[in-house]
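The structure under discussion appears below in the form of structure tokens.
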Amino acid sequence: MLAAFTGYEIIGKVPAILHTPLMSGSNFVHGIVLVGAMVALGHADTILEQVIGFVGVALAAGNAVGGYVVTERMLEMFKSSKD
Amino acid sequence: MSFLIQASYFVAAVLFILGLKRMASPKTAVSGIKWAGIGMVLAVLATFFYPDLHNVGLIVTAIVIGSAAAWISGKKVEMTDMPQMVALYNGMGGGAAGAISAVELYSGNATAHGSGLASLAVIGGVIGAVSLSGSCIAYAKLQGLMKKAWSAPMHQGLNALMVILLFGIGLALATSVEPGPFWITVFFLIALVLGIFMTTPIGGADMPVVISLYNALTGLAVAFEGFVLGNAAMIIAGTVVGAAGSLLTLLMAKAMNRSLANVLFSGFGASDEAA
């Protein structure tokens with residue numbers, strides 16, 4: 001609940017120009033799913049579980065790294081054009 | 001050791017929130033993503049110290065493959081093509097949440113701890129899977145791979161039917177102690193198809209709103225899977241993204257002078273409730 005209110009509080013007063021980077025940034029934050037995927041793969045026993053877990057970790061790593069790279073590039077551009 | 005892991009997860013979650021907070025203001029935006037990045041590295045490193053973690057080789061290989069692919073594509077992509085990349089990465093996150101759910105269900109871990117936890121795994125799984133296939137369609141549309149808005153005959157009825165099926169099978173999966181692999185597979189296939197059907201009729205101009213919605217959904221899925229795994233970082237970060245993303249979706253829809261219902265028409269509302 002507290003986390004939900006925090007989310008609300010953060011987005012409540014944001015200039016429209018920051019919507020897309022912010023979407024990208026929060027996209028990066030849920031890349032934390034990587035941690036869960038690692039735990040799931042780390043405890044997988046059968047081949048099927050390992051395959052799914054492997055795909056899961058790879059996807060999650062893509063989410064985290066891609067989200068970071070894209071957000072940073074967006075924000076860098078934002079900085080140079082605004083300052 | 002377990003305490004240290006939980007502590008670093010907590011620190012990571014705080015860094016995420018502070019990072020997002022900084023991203024919400026033009027002056028501090030650039031440093032915001034760096035804060036969140038530090039949190040992510042911390043959480044991932046801490047996870048390697050998880051008690052009885054095996055398949056470490058597989059984990060590292062998967063991380064390297066996923067990161068390399070995302071790094072290269074993220075650096076190369078044109079600025080104007082950013083939204084679809086966000087969609088793609090978001091879909092990957094949804095897929096990962098779905099994969100966690102699938103592993104927990106196939107292995108029987110989720111159901112072993114009561115149907116409450118199992119239903120969280122099921123809900124997280126379906127949201128994750130819908131987000132995965134939906135985001136892929138959003139990507140294809142923005143990338144110009146898929147030009148026309150296409151909807152299946154009896155579109156609304158079909159979507160409603162799938163939602164009902166998902167609900168039924170999901171309920172069965174969550175309550176049976178040893179769910180059959182066949183039904184788990186069917187369940188995820190239906191969820192993936194639903195994601196596709198939900199997204200295909202939506203036009204390209206509305207896509208950013210839809211991507212933002214899937215972003216929020218993935219956040220929710222991550223939070224649900226966080227409950228299943230008892231992982232504080234996932235619960236907090238997922239919930240923050242879920243809440244922030246939902247609000248952002250509404251703001252974006254409003255900035256375009258459209259109501260969310262208007263953007264999503266046809267059968268989407270039903271599945272939103274299921275979420």
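Structure values in brief
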| item | result |
| --- | --- |
| Relative frequency of Cα-Cα separations exceeding 21 Å in segment A:17-82, percent | 37 percent |
| Interface B:A - total buried accessible surface [probe 1.4 Å, Å², rounded to 100] | 6500 Å² |
| At most 13 other Cβ within 10 Å, DSSP loop - trypsin sites (Lys or Arg not before Pro), segment B:21-111 | B:Lys27 |
| Peptide A:46-53 - average C-beta neighbours from other chains (10 Å radius) | 6 |
| Extension gain from B:Val41 to B:His54, taking 0.36 nm per residue of separation minus the Cα-Cα distance | 2.7 nm |
| 10 Å Cβ neighbours from other chains, averaged over peptide B:167-175 | 0 |
| Stretch gain in nm, segment B:Ser176-B:Ser25, where the contour uses 0.36 nm per residue and the Cα spacing is subtracted | 49.5 nm |
| Inter-chain Cβ neighbour average for residues B:6-19, partner chain, 10 Å | 2 |
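The values are calculated or read from the model by the stated rules, or taken from the named source; none is laboratory data. This is a predicted model, so every value here is computed, not measured. Counting neighbours? That spans all protein chains shown, and the Cβs are built from the backbone with ideal geometry, glycine included. Protein only, heavy atoms only, side chains kept; ligands, DNA and RNA dropped before computing areas. Shrake-Rupley method; radii C 1.70, N 1.55, O 1.52, S 1.80 Å.
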